[in-house]
Amino acid sequence: MDLFLDVFIAGFGLYLIYAAVNMKRTGELAKGIMVSRDADLSKAKDIPGFIRYMYGKTIAIGACSAVCGAVGVFGDTHGGLGILQPVMTIAVFFVIVIFGVLTVKAQKRYLGL
């Protein structure tokens, strides 16, 4: 079970990085990650501002999640990480909470959602 969770966390981090790069490249928001799938973006105030605000933060949070997940996978398959593995799991939890708070703040400020 731990291995599955760690692979999921690493994959989530990599997907966040992909979504941020794709969002910056195309200028379109990653629905389902950055905003709700059913959000009406036609009334959004400043989509480019939202992308600028969230891009670096999303890359950093994605990288942190990917590293924490990779360390967890390594620990699950090779053992010997001891206290580091639960610390990394707690770190990922806080990173995801911070990502949620930043996303909601950016949505209110730039998109008016």
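Limited to region 1-60, what total is found for residues that are among the small types (Gly, Ala, Ser), at pLDDT below 85 and either within 22 Å of Asp76 (Cβ to Cβ) or outside any helix (DSSP H, G or I) (or both)? Number of matching residues: 5. Restricting region 37-63 to residues that are among the hydroxyl-bearing types (Ser, Thr, Tyr) and in contact (Cβ under 8 Å) with a residue 12 or more places away in the chain, which is surrounded by the fewest Cβ atoms within 10 Å (Cβ to Cβ)? Across region 37-63, the extreme among qualifying residues is Tyr55.
Contact map, region 1-22: residues that are in contact (Cβ under 8 Å) with a residue 24 or more places away in the chain paired with residues that are outside any helix (DSSP H, G or I), Cβ distance under 8 Å, separation 6+ or inter-chain. Pairs shown: Tyr15/Ile33; Leu16/Ile33; Ala19/Ala30; Ala19/Ile33; Ala19/Met34; Ala20/Ala30. Taking the criterion of being at pLDDT below 90 and out of contact with any helix residue (DSSP H, G or I) (no Cβ under 7 Å at 6 or more places or on another chain), the only residue of region 61-76 that qualifies is Phe74.
Just checking, does region 2-16 include any residue being out of contact with any helix residue (DSSP H, G or I) (no Cβ under 8 Å at 6 or more places or on another chain) and not aromatic (Phe, Trp, Tyr)?
Taking every residue of region 2-16 in turn, none turns out to be out of contact with any helix residue (DSSP H, G or I) (no Cβ under 8 Å at 6 or more places or on another chain) and not aromatic (Phe, Trp, Tyr).
Contact map, region 77-106: first residue surrounded by 15 or more Cβ atoms within 10 Å (Cβ to Cβ), second residue outside any helix (DSSP H, G or I) and among the basic types (Lys, Arg), Cβ cut-off under 7 Å, separation 6 or more or different chains; the map is empty.
Output yes when any residue across region 61-76 is aromatic (Phe, Trp, Tyr), farther than 13 Å from Phe12 by Cβ and out of contact with any Phe, Trp or Tyr (no Cβ under 9 Å at 6 or more places or on another chain), and no when none is. Yes; the residues of region 61-76 include at least one that is aromatic (Phe, Trp, Tyr), farther than 13 Å from Phe12 by Cβ and out of contact with any Phe, Trp or Tyr (no Cβ under 9 Å at 6 or more places or on another chain).
The values are calculated or read from the model by the stated rules, or taken from the named source; none is laboratory data. In this text, all values refer to a predicted model and were calculated from it rather than measured experimentally. Glycine also receives a Cβ, built like all others from the backbone with ideal geometry; neighbour counts cover every protein chain displayed.
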